[in-house]
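First the structure, in the form of structure tokens, and then the observations on it.
The values are calculated or read from the model by the stated rules, or taken from the named source; none is laboratory data. Since the structure is predicted, the reported quantities are computational estimates derived from the model, not experimental observations. In this analysis, Cβ positions are derived from the backbone assuming ideal geometry, glycine residues included, and neighbour counts consider all displayed protein chains.
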Amino acid sequence: MRLSASNLACHRGGREVFAGVSFAVAAGEVLAVTGRNGAGKSSLLRTVVGLVRVAQGSLTLEGCDPELTIAEQAHYLGHQDALKPSLSVAENLKFWAGFLGRKAADIAAALAAVGLDSLADLPAAYLSAGQRRRLSIARLVAVKRPIWLLDEPMSTLDAAAQDRLGGLMRAHLAEGGLILAATHGPLGLPATRELRLDEVGGASAQPSASQQWGAETKLS
Amino acid sequence: MTSLGALLIRDMRLAVRVGGGALIGVLFFLVVVTLVPFAVGPDLALLKRIGPAVLWLAALLASLLALDRLFAVDHEDGSLDLLLMSKTPLELVVAVKGVAHWLTTGLPLVVAAPLIGLLLNLDAAAQAGLVLTLLVGTPALTFIGMIGAAIAVALRRGGLLLAVLVLPLTVPVLIFGVAAANAVLLGAAPFGTPFTILCALSLASLVVGPFAAAAALRQEIE
């Protein structure tokens, strides 16, 4: 399995957010998307799942079910947690498992994986920001999908929960999944490659198509 | 099908929980209709004459009341992104949300109508005709309204825009709904003609509404 983008560009609100981004992620690999605020990290992830239109360039996924689109084989963990405050923790997760096509998903095991099993019957309204995040992550555990697109996955998580998420990500990679994560901090994973969206353009530079942005560098 | 079933159950569950707004529509309906006899005065003949129109207007306003949150809530908490990414066609997702909305806000109006019709001096035959027209006509209100709800999804105060967009489109439903109810009441015109047109309007909106709303959502979410 291999997810690749070539010469990708994204326009939002009539402005160019990024252009000329190319990358490739294979099964078992992590690509960390970094860059200053507004560099287009979130926009890149949303472009990959098709929530933002591709203005230029192309996205290809090889070695997966050709009947399904990238979005249908991907989990997208955005800034918002997609939870309903009036439903309980278990009901929230059960809904997403059912909607994403896994009616018989093991809800209890997924909740235990993120450490929320003791709060299963609590309405989600009473969860803290970090707990909401963890419940959102439980969705990725309950329904298996090969591609994980994570937008700031570590934000609001405490140290223990960050370790736990690191473990879940390592398990996902070991099973042959791939991860594309927009992040400011370290993900705690070995052999993370980095895609810097503001390699050339500084905070004050005007974006232009001639700038070569998506240079990939290998981090050890 | 499991996806759509899960969505239907979740939306209905949300509607009847705290802050869901399923009962707000019925209460609003009851309050508006109850106010009319106080405003018009104890003229039973007049109340009977305007009864169907009052009930239909109240039902129209009540069904609009909760409609602006149909997609806005899912948009604000990020659920809409995941619904859009789904393998299930967005048109079906939108249609199921509409069905759940009608079952929790439209159907209670139909059930409450005979009760409240007593206040307007409607007899049994008129009640039956009215309930039948509301049963057939309120889905049209929901499915026409969902187009406006989809267009206003990203706006913080979308309710007013929704009313401005949707109310003109509901005029045909209102005309034929009241015409059919009045036909039973006054017996001057046949019941069948306006009633079948009302059915046709509902069926057309069941098809057009989800497609138009899904197209609007795809544009708005960018």
Please specify each residue of segment A:61-74 satisfying the condition of being more than 9 Å from chain B (Cβ to nearest Cβ) and either of a type outside the set (A, V, I, L, M, F, W, C) or over 19 Å from the mean Cα position of the chain (by Cα) (or both).
A:Glu62, A:Gly63, A:Asp65, A:Pro66, A:Glu67, A:Gln73
Residue match in segment A:153-165 (condition: surrounded by fewer than 20 Cβ atoms within 10 Å (Cβ to Cβ) and within 10 Å of chain B (Cβ to nearest Cβ))
no
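Given the residues A:Leu87, A:Leu8, which is the only one that is within 14 Å of chain B (Cβ to nearest Cβ), touching a residue at least 12 places away in the same chain (Cβ under 8 Å) and more than 15 Å from the chain's Cα centre (by Cα)?
Details: A:Leu8 fails: within 14 Å of chain B (Cβ to nearest Cβ).
Going through A:Leu87, A:Leu8 in turn, the sole match is A:Leu87.
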Check segment A:48-64 and report whether any residue there is among the acidic types (Asp, Glu) and touching a helix residue (DSSP H, G or I) at 6+ places or on another chain (Cβ under 9 Å).
no
Do we find a residue being within 14 Å of chain B (Cβ to nearest Cβ) and among the basic types (Lys, Arg) anywhere in segment A:42-60?
yes
How about segment B:1-50: which of its residues are within 20 Å of the chain's Cα centre (by Cα) and hydroxyl-bearing (Ser, Thr, Tyr)?
B:Thr34
For B:Met85: the one exception among (1) closer than 21 Å to B:Val208 by Cα; (2) aliphatic (A, V, I, L, M); (3) touching an Asp or Glu at 6+ places or on another chain (Cβ under 8 Å):
(1)
Quick check on segment B:87-104. Is at least one of its residues assigned to a loop (DSSP other than H, G, I, E, B), surrounded by fewer than 18 Cβ atoms within 10 Å (Cβ to Cβ) and at pLDDT 85 or above?
yes
Within segment A:90-107, restricting attention to residues that are surrounded by fewer than 21 Cβ atoms within 10 Å (Cβ to Cβ) and facing chain B (nearest Cβ under 7 Å), which residue is nearest to the chain's Cα centre (by Cα)?
A:Gly101
Among the residues of segment A:64-78, write down those that are in contact (Cβ under 8 Å) with a residue 40 or more places away in the chain and either touching a strand residue (DSSP E or B) at 6+ places or on another chain (Cβ under 6 Å) or closer than 11 Å to B:Met85 by Cβ (or both).
A:Ile70, A:Gln73, A:Ala74, A:His75, A:Tyr76, A:Leu77, A:Gly78
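Go through segment B:49-85 and give me each residue that's hydroxyl-bearing (Ser, Thr, Tyr) and within 14 Å of chain A (Cβ to nearest Cβ).
Within segment B:49-85, just B:Ser79 meets the criteria.
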Looking at the structure I just gave you, is B:Ile151 in contact (Cβ under 8 Å) with a residue 40 or more places away in the chain, within 14 Å of chain A (Cβ to nearest Cβ) and either exposed (fewer than 15 other Cβ atoms within 10 Å of the Cβ) or more than 15 Å from the chain's Cα centre (by Cα) (or both)?
no
Count of segment A:108-142 residues which are without any contact (Cβ under 8 Å) to a residue 40 or more places away in the chain and at the interface with chain B (Cβ under 10 Å from one of its Cβ atoms):
1
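Based on what the data block shows, is A:Leu31 over 30 Å from B:Ala15 (Cα atoms) and within 18 Å of the chain's Cα centre (by Cα)? First the steps, then the outcome.
Numbers: over 30 Å from B:Ala15 (Cα atoms): yes; within 18 Å of the chain's Cα centre (by Cα): yes.
It is true that A:Leu31 is over 30 Å from B:Ala15 (Cα atoms) and within 18 Å of the chain's Cα centre (by Cα).
Which one of these is out of contact with any Asp or Glu (no Cβ under 6 Å at 6 or more places or on another chain), surrounded by fewer than 21 Cβ atoms within 10 Å (Cβ to Cβ) and assigned to a helix (DSSP H, G or I): B:Leu134, B:Leu118, B:Leu109, B:Leu130?
Numbers: B:Leu134 fails: surrounded by fewer than 21 Cβ atoms within 10 Å (Cβ to Cβ); B:Leu109 fails: surrounded by fewer than 21 Cβ atoms within 10 Å (Cβ to Cβ); B:Leu130 fails: surrounded by fewer than 21 Cβ atoms within 10 Å (Cβ to Cβ).
Going through B:Leu134, B:Leu118, B:Leu109, B:Leu130 in turn, just one is out of contact with any Asp or Glu (no Cβ under 6 Å at 6 or more places or on another chain), surrounded by fewer than 21 Cβ atoms within 10 Å (Cβ to Cβ) and assigned to a helix (DSSP H, G or I): B:Leu118.
Restricting to segment B:6-63, give me the number of residues that are among the hydroxyl-bearing types (Ser, Thr, Tyr) and either modelled with pLDDT under 85 or surrounded by fewer than 18 Cβ atoms within 10 Å (Cβ to Cβ) (or both). Give the derivation first.
Taking segment B:6-63 as the starting set, the residues that turn out to be among the hydroxyl-bearing types (Ser, Thr, Tyr) are B:34, B:63.
Filter once more, keeping what is either modelled with pLDDT under 85 or surrounded by fewer than 18 Cβ atoms within 10 Å (Cβ to Cβ) (or both): B:34.
Counting residues in segment B:6-63 that are among the hydroxyl-bearing types (Ser, Thr, Tyr) and either modelled with pLDDT under 85 or surrounded by fewer than 18 Cβ atoms within 10 Å (Cβ to Cβ) (or both) gives 1.
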Cβ contacts < 9 Å: first residue under 12 Å from B:Lys97 (Cβ atoms) and more than 7 Å from chain A (Cβ to nearest Cβ), restricted to segment B:1-17; second residue of a type in the set (A, V, I, L, M) and part of a loop (DSSP other than H, G, I, E, B), any location; separation 6+ or different chain. Result?
B:Ala15/B:Ala66
